[in-house]
Amino acid sequence: MNKIYTMMLMALMGLTFTACEDEYIADNLEGTWSGNMYVSSYYDGRDYYATHTEITFDIDPFRFTKGSGYWVDYYSGAPWDYVANHISWRVDNGNIYIHFREDDTSVVIADYHLTDSRFSGYIADGDNDVYFNLFHTSSPNWDNYNNWGYDAWCDDYYYSRETRGEGADSTAATPAKPIRQFGKKAE
């Protein structure tokens, strides 16, 4: 009988250690990270490559292993300057799950190295594992992103100032939004 109680106690302690590890990861993840995620966006038959990415992880004060935040890919030479998404994220058994709310897509980060100043590893987007390298930075003023989505001449999520102002043709077709891709490198 003692062996059974001992085994049950060890199993319970194993679950407790995993939860503590997930909280530790989430605590280190909290903040803003900037660097290269090797992201591109496919739009109108072309691939546009992000120059850098900024991700902010805010912890839910009632659930220490998950939260919300922002993911912003910056571009040069594309029809937009950035693509911004609200994200929901969680840490579960050491894996980091990120859901892009506007795009309704998800990715997993399972193989990574996280310190106070650096976050690097591999992000899994389907069968595609892509290396990334981010550095911890100070948090920017996120109120600057008035239109979530992309800041092009046409915004799929909200009416854009440029195309939907007074006198704009409200019957004009709205082109499709750019599609995020991981792992494509500029050629």
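How would you rank 81-93, 115-127, highest first, on the average number of other Cβ atoms within 10 Å across their residues? Please list the in-between numbers first.
Values: 81-93: 18.8, 115-127: 14.0.
In descending order of packing, they fall as 81-93, 115-127.
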Inset, instruction - Starting from the Cα of Asp44, step 7 Å toward the Cβ, then list every residue of region 74-106 with an amide N under 13 Å from that point. - result: 77-81
Inset, instruction - Would you please put 104-114, 28-38 in order of how densely packed they are, using the mean number of other Cβ atoms within 10 angstrom per residue and starting with the highest? - result: 28-38, 104-114
Inset, instruction - With label points built 7 Å along Cα→Cβ from the Cα atoms of Ala110 and Glu30, find their separation and express it in nm. - result: 2.8
Inset, instruction - Would you mind computing, in nm to one decimal, how far apart the modelled labels at Met1 and Ser117 are, each placed 7 Å from Cα along Cα→Cβ? - result: 5.8
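Bear in mind that the values in this text are calculations on the coordinates, not laboratory data. Remember, it's a predicted structure, so these values are computed and weren't measured experimentally. So basically every Cβ, Gly included, is an ideal-geometry build from the backbone, and we count neighbours across all protein chains shown.
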